[in-house]
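Chemist: After the structure tokens below, expect a handful of questions from me.
Nothing in this text is a laboratory measurement; each read-out follows from the coordinates by a stated rule. Small disclaimer: the values here were computed from a predicted structure and weren't measured. Cβ atoms come from the backbone with ideal geometry, glycine included; neighbour counts cover every protein chain shown.
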Ligand SMILES: Nc1ncnc2c1ncn2[C@@H]1O[C@H](COP(=O)(O)OP(=O)(O)O)[C@@H](O)[C@H]1O
Ligand SMILES: [Mg+2]
């Protein structure tokens, strides 16, 4: 297909190979975002409500995840995993490290959204007889979601790009598969353009979804 | 069946805000609470429905001790509606959904029934045209009337109002006071904290003047407002009239 249009040795097989890499990228992103968001949700609520002596140690650990470069975290986790008796694949290590990384940022996003809900609004909910947990699910979370969504979308798109680093512990995702093809056919510009396009096509729906939700909510503001 | 406040004391840290307040509100009675800013009026209302704990004394609602550990406050609060100075709309829900929420989640009413209740209450406060609108599209007076409808949807026996007109533009005060008048004419038992002295005089059975955490003077409006006995009451009325 490509060779008939322009003079290239990039084949359909290569494209298929890259798409499989893209599948791995999506899988790592999916698990990291899912687990990272759930953990971030729990820790964010804890951070927003717990006393300082619970808060301070959690904040300290999360600061580590946020300040040490992801690449170092991946390589160290991969190297140390046998020492603590874990028999995880590189794929699992990549997902877990990225999930922790995601959760560290997500915690702050959730905390910010939570604290953006006025105390008077929550008091109004409680005065209607709603329980603490009903206040959370019916009032705080929906309002906080609107506040936090843009940052969460940005974080998710960032994590999708950061999955490229799991290459370093031996996972063949989109960027690694592209690099394999570049090495073989020596056409880096073409291959990287295709890889970039695939990244874009994967990010675009998430960004669009976010923009649409935001627009709908803003109509009510 | 009444609200009984018995020698209530309440402190925030070292600051004692309520210094021994006693008052009984009988069924169908409207008691207005007036007094200077910071005298503890809002705090008292929050102690009545258990939003704030107290240090000593008792508050009984229909004989149930609000501050007894064994009291289920979420259940008790179904009987006491409260509307605050800030409008406190739930911004992510339409006007109708704002009012339906507690009947559905707290009383467990089916959707159709909760909706019927909400439509009835919103019609009552004059918001029948605004059911599908989001609160941000309402004026302050409309938001405040929605908050009243939201409290009424729980069919409370008692209503507490905390300066519900203080944050409103002057031209919107009247419509909210009309709603309160309507409730009092229907026999709702109410404690109304207000700066609207003329309104307090008109609707109240009794007026309580609050001063430095105590009820300084209490009695029929003709006395407390018309012919105050204490110099502090006289001074306060001068300052607001
Ligand atoms: N949550 C709180 N923490 C500490 N002090 C408070 C709190 N709420 C109210 N106060 C103080 O209690 C006093 C009475 O306040 P409030 O009941 O709001 O008075 P009012 O409603 O009569 O203006 C004020 O001095 C106020 O600063
Ligand atoms: Mg007040």
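Chemist: Over all residues in B:83-90, what is the mean tally of Cβ atoms on other chains that come within 10 Å of each residue's Cβ?
Modeler: Mean number of neighbouring Cβ atoms from other chains: 4.
Chemist: Mind checking which of A:119, A:35, A:164 has the largest fluctuation in a GNM of chain A, springs on alpha carbons under 10 Å?
Modeler: Greatest mean-square fluctuation among the candidates belongs to A:119.
Chemist: Using the 10 angstrom Cβ neighbour count as an exposure proxy, how do A:132, B:87 rank, fewest first?
Modeler: Listing A:132, B:87 from fewest to most nearby Cβ atoms yields A:132, B:87.
Chemist: Take chain A, connect every pair of alpha-carbon atoms lying under 10 Å apart with a spring to form a Gaussian network, then pick out the residue of A:161, A:20, A:81 with the largest mean-square fluctuation.
Modeler: Greatest mean-square fluctuation among the candidates belongs to A:81.
Chemist: Give me A:106, A:95 sorted ascending by neighbouring Cβ count inside 10 Å, so fewest comes first.
Modeler: A:95, A:106
Chemist: Taking a ≥ b ≥ c as the square roots of the Cα gyration tensor eigenvalues, with a/c under 1.5 meaning rounded and otherwise prolate when a/b beats b/c, else oblate, which class fits chain A?
Modeler: Verdict is oblate for chain A.
Chemist: Need the C-alpha centroid separation for the range A:148-221 versus the range B:169-232, integer Å.
Modeler: 63 Å
Chemist: On to the next question. Order by neighbour count: A:52, A:167, A:31, fewest other Cβ atoms within 10 Å first, most last.
Modeler: Listed from fewest to most nearby Cβ atoms, that is A:52, A:31, A:167.
Chemist: Using helices alone, I'd like the mean residue ellipticity at 222 nm for chain B: each DSSP H run of four-plus residues gives -39500 (n - 2.57), total over residue count, nearest 500.
Modeler: Computed mean residue ellipticity for chain B: -10500 deg cm²/dmol.
Chemist: Using Cα atoms only, what is the angle between the long axis of helix A:12-49 and the major principal axis of chain A, expressed in degrees (0 to 90) to the nearest 10?
Modeler: Tilt of helix A:12-49: around 20 degrees.
Chemist: Simple spin-label model, 7 Å along Cα-to-Cβ: residue A:208 to residue A:46 in nm?
Modeler: 3.8 nm
Chemist: Further, regarding this structure: Looking at the P(r) of the range B:86-155, how many percent of alpha-carbon pairs lie beyond 17 Å?
Modeler: Percentage above 17 Å: 29.
Chemist: Springs between alpha-carbon atoms under 10 Å, Gaussian network over chain A: tell me which of A:209, A:155, A:71 tops the mean-square fluctuations.
Modeler: Most flexible of the set in this elastic network: A:209.
Chemist: How far apart, in nanometres, would the label points at residue B:128 and residue A:66 be if each is projected 7 angstrom from Cα along the Cα-to-Cβ direction?
Modeler: Distance between the two pseudo-spin positions: 5.3 nm.
Chemist: Still on this structure, I have one more. Can you give me the angle between helix B:231-240 and the longest principal axis of chain B, using Cα atoms only, in degrees from 0 to 90, rounded to the nearest 10?
Modeler: 40 degrees
Chemist: On C-alpha positions alone, give me the angle between the axis of helix B:95-105 and the longest principal axis of chain B, in degrees, nearest 10.
Modeler: Helix B:95-105 and the main axis of chain B meet at about 80 degrees.
Chemist: Considering only C-alpha atoms, what is the centroid distance from the range B:71-142 to the range A:98-123, in Å?
Modeler: 27 Å
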